[in-house]
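A short write-up of the structure that comes next.
Every number here is computed from the coordinates shown, using simple stated rules; none is lab data. All values derive from a computational prediction rather than experimental measurement. Using ideal geometry, Cβ is built from the backbone for each residue, glycine included, and neighbour counts are taken over all protein chains shown.
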Amino acid sequence: MKNQRNNETQTFETVEPIGKRVLIRKDEDKKETKGGIKLPDTIEIPTITGRVVAVSTEVEHAPDLPLRKYDKVLFNPKGAIPVDFEGDNRLFVVEVQNIVAVFRKA
């Protein structure tokens, strides 16, 4: 007798990064500069900002990695893995080595 699968689609509630990775929600793309210059939709920006929404256990317990949930970070999107978890696809799994800066308030 074959196993019958339920035809319902599986809905995931969380994504947990593994290894030295974090889950980042990318900030909205900028459509114009602070000076009011409109940017084309096809512009490629080498680094982008976002908020850390989850950290792996390895990152959480590493004293030399100053990353915490909700940190605003600047990261290189070249190695970022998009997570098709939401309709707007703004979630990315990013290796710690691709995070180039953390924004902190003084």
Would you kindly state how much longer the chain becomes between residue 57 and residue 78 on full extension, computed as 0.36 nm times their sequence separation minus their alpha carbon distance, in nm to one decimal?
5.2 nm
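Extension gain residue 95-residue 64, at 0.36 nm per residue separation less the Cα-Cα distance, in nm?
Working: separation 31, 0.36 × 31 = 11.16 nm, distance 1.48 nm.
Between residue 95 and residue 64, full extension yields an extra 9.7 nm.
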Rounded to one decimal in nm, the spacing of the 7 Å Cα→Cβ label points at residue 38 and residue 25 is 2.9
What FRET efficiency would be calculated for the residue pair residue 106, residue 13, taking the C-beta separation as r and a Förster radius of 30 Å, to the nearest 0.05?
0.25
So what is the orientation-averaged projected area of segment 51-106, using the convex hull of its C-alpha atoms, in nm²?
4.4
